[in-house]
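In what follows, a structure is listed as structure tokens, so that the remarks can point back to it.
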Amino acid sequence: MINEKQALTQIIHLSQEIAQYKDVDILLERILTLAREFVNAEAGSIYIKEDGQLNFSYTQNEILQRKLAPGKKLVYSTFSIPIDDRSIAGHAAHTGEMLNITDVYHLPPQVPYSFNREYDERTGFRTQSVLTFPLKISHGNIIGVLQLINARNDDNTVRAFSKEEEPLIMHFANNAAVAIERAQMTRALILRVIKMAEMRDPKETGPHVNRVGSYAAEIYEVWASRRGVPHEEIQKHRDVLRMGAMLHDVGKVAISDTILKKPARFEPEEYEIMKQHTYLGARLFSERYSDFDEAAFIISLNHHERWDGKGYPGHIDPMTGALLPGYETNGKFLGKKAEEIPPFGRIVAIADVYDALSCRRVYKEAWDESRVLETMRSDAGTHFDPEMIDAFFESLDVLRHIADRYPGE
Ligand SMILES: [Fe+2]
Ligand SMILES: [Fe+2]
């Protein structure tokens, strides 16, 4: 056991760490990982309040995770519970009070809430000690609930959460709540920008860009960890990639409706104009104030490049649209090739095409998964980076789950 002062220093440090993350999905994952590590908890969940209900938004379970192949992630389904006294999380959100329960299978008879054993029965997990905190922002408003499950001793036997841990987790939960609220505002702002692009191109919808962002973050994590990129660095890159990938087609706001909404095939001149959405989008982020701007710039510019060099816009100056010196070939644009294309560009190309093929579009029905996967595999080395396609196939279970999380056009 560490002493009180060390614990306090550690919790302050953790609170500072989560303040760095800007994307909601990445943030929830980091919050739960760090909170669980702090009390050595086997599992945990975060519920987020939406439309007057609590959505089961993110969960981790070390015991069930261990039964999976290395690198695989636990797939879970989202559901909603009412904010009332019937459930433990509902009660915490309803009353704004923390609950520290030693064993949820032996609740005192007078409490209004009960424990739902359905998850345990389905998975074989035994939930025992549970610490539940409301995530409070200013004016006591509650945006969700943080739940930590089965604290452990050093020898990994399950123990109750201690009284001393309560204020520390509370401090962390309050900081987490503020970070989540900020990340939700950022996400909402990005989705508003996407709505503008969507008015131009009806294919660029909120669900599509959310899926592309999440797919890209997953594929990146697998690819980067195989390459031995340090864990900390992966987390930071995933965060900016998740958000930047959402904006891959934002340059379409600058392309005219007559071209974007044309029901027939583009004439060659029209196609040339359409291609400009890559660098027109990049221009929006040319004043690179943050890592996020940098990521959005790179992704917008490079998401239509191809591994074999047959993509666009190639080696151009995004500010003028002109070819860079040394790359002129009779005025023909030569695409960037292989590793000339930045990794974020190569990843978003995979995520965007995968989603486009998997979904129904005005001009085509959704393809069967087998046909989609065959195409992704056979385009490795031509359209896509082969090493990243391997990472794509390795993440497939998680990608399918993301598609369920963000359903719709
Ligand atoms: Fe695009
Ligand atoms: Fe797209």
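Only one entry of 360, 288 meets the criterion of being at pLDDT below 95, of a type in the set (Lys, Arg) and over 21 Å from residue 251 (Cβ atoms), and that entry is 360.
Here residue 212 clears all of (1) among the β-branched types (Val, Ile, Thr); (2) at pLDDT below 95; (3) buried (at least 23 other Cβ atoms within 10 Å of the Cβ) except the condition numbered (2). Apart from one condition, residue 154 fits all of (1) of a type outside the set (A, V, I, L, M, F, W, C); (2) assigned to a helix (DSSP H, G or I); (3) farther than 17 Å from residue 25 by Cβ; the exception is (2). The single condition among (1) farther than 27 Å from residue 408 by Cα; (2) in contact (Cβ under 8 Å) with a residue 24 or more places away in the chain; (3) of a type in the set (Ser, Thr, Tyr) that residue 358 does not meet is (1).
None of 58, 47, 21 is aromatic (Phe, Trp, Tyr) and more than 23 Å from residue 130 (Cα to Cα) except 21.
With respect to residue 161, determine if the residue is buried (at least 21 other Cβ atoms within 10 Å of the Cβ) and in a loop (DSSP other than H, G, I, E, B). Yes; evaluated as a whole, the condition is true for this residue. Here residue 234 meets the list (1) in the same structural domain as residue 315 (by TED's automatic domain parsing); (2) among the β-branched types (Val, Ile, Thr); (3) within 15 Å of ligand 2 (Cβ to nearest atom) almost entirely, failing just condition (3). Restricting 289, 327 to residues that are more than 16 Å from ligand 2 (Cβ to nearest atom), surrounded by fewer than 16 Cβ atoms within 10 Å (Cβ to Cβ) and more than 28 Å from residue 220 (Cα to Cα) narrows the list to 327.
Taking the listed residues 18, 31, 11, the one that is crowded, with 20+ Cβ neighbours inside 10 Å and over 16 Å from the mean Cα position of the chain (by Cα) is 11, with no other qualifying. Among the residues of region 155-192, which ones are small (Gly, Ala, Ser), assigned by TED's automatic domain parsing to the domain that holds residue 132 and out of contact with any Phe, Trp or Tyr (no Cβ under 8 Å at 6 or more places or on another chain)? Across region 155-192, the qualifying residues are 160, 162, 176, 177.
In the set (1) under 25 Å from residue 140 (Cβ atoms); (2) hydrophobic (A, V, I, L, M, F, W, C); (3) surrounded by fewer than 18 Cβ atoms within 10 Å (Cβ to Cβ), the condition left unmet by residue 81 is number (3). Strands (runs of 3 or more DSSP E) fully within region 1-91 that include at least 3 residues being at pLDDT below 95: 53-61.
All conditions in (1) more than 15 Å from ligand 1 (Cβ to nearest atom); (2) assigned to a helix (DSSP H, G or I) hold for residue 298, with the sole exception of (1).
As for region 309-319, it holds at least one residue that is surrounded by fewer than 13 Cβ atoms within 10 Å (Cβ to Cβ), more than 16 Å from ligand 2 (Cβ to nearest atom), at pLDDT below 95 and of a type in the set (D, E, K, R). Sort out which residues of region 196-214 are more than 13 Å from ligand 2 (Cβ to nearest atom) and over 19 Å from residue 50 (Cβ atoms), and write them in order of number. Those that are more than 13 Å from ligand 2 (Cβ to nearest atom) and over 19 Å from residue 50 (Cβ atoms): 196, 199. The combined condition, being in contact (Cβ under 8 Å) with a residue 12 or more places away in the chain and either within 19 Å of residue 204 (Cα to Cα) or within 16 Å of ligand 2 (Cβ to nearest atom) (or both), is fulfilled by residue 251.
Taking the conditions (1) surrounded by 23 or more Cβ atoms within 10 Å (Cβ to Cβ); (2) out of contact with any helix residue (DSSP H, G or I) (no Cβ under 8 Å at 6 or more places or on another chain); (3) part of a loop (DSSP other than H, G, I, E, B) in turn, residue 202 satisfies each one other than (1). Taken over region 251-268, residues that are within 15 Å of ligand 1 (Cβ to nearest atom) and either outside the structural domain of residue 304 (by TED's automatic domain parsing) or not in a helix (DSSP H, G or I) (or both) amount to 2.
Taking every residue in region 196-220 that is closer than 15 Å to residue 281 by Cα and pairing it with any residue that is hydroxyl-bearing (Ser, Thr, Tyr) and within 16 Å of ligand 1 (Cβ to nearest atom), at least 6 positions away or on another chain, the pairs with Cβ-Cβ distances below 6 Å are 198/205. Scanning region 332-348 for residues that are of a type in the set (A, V, I, L, M) and under 17 Å from the mean Cα position of the chain (by Cα) yields 347, 348.
The values are calculated or read from the model by the stated rules, or taken from the named source; none is laboratory data. Keep in mind that this is a model prediction, so the values were computed, not measured. Note that we place each Cβ from the backbone using ideal geometry, even for glycine, and neighbour counts take in every protein chain shown.
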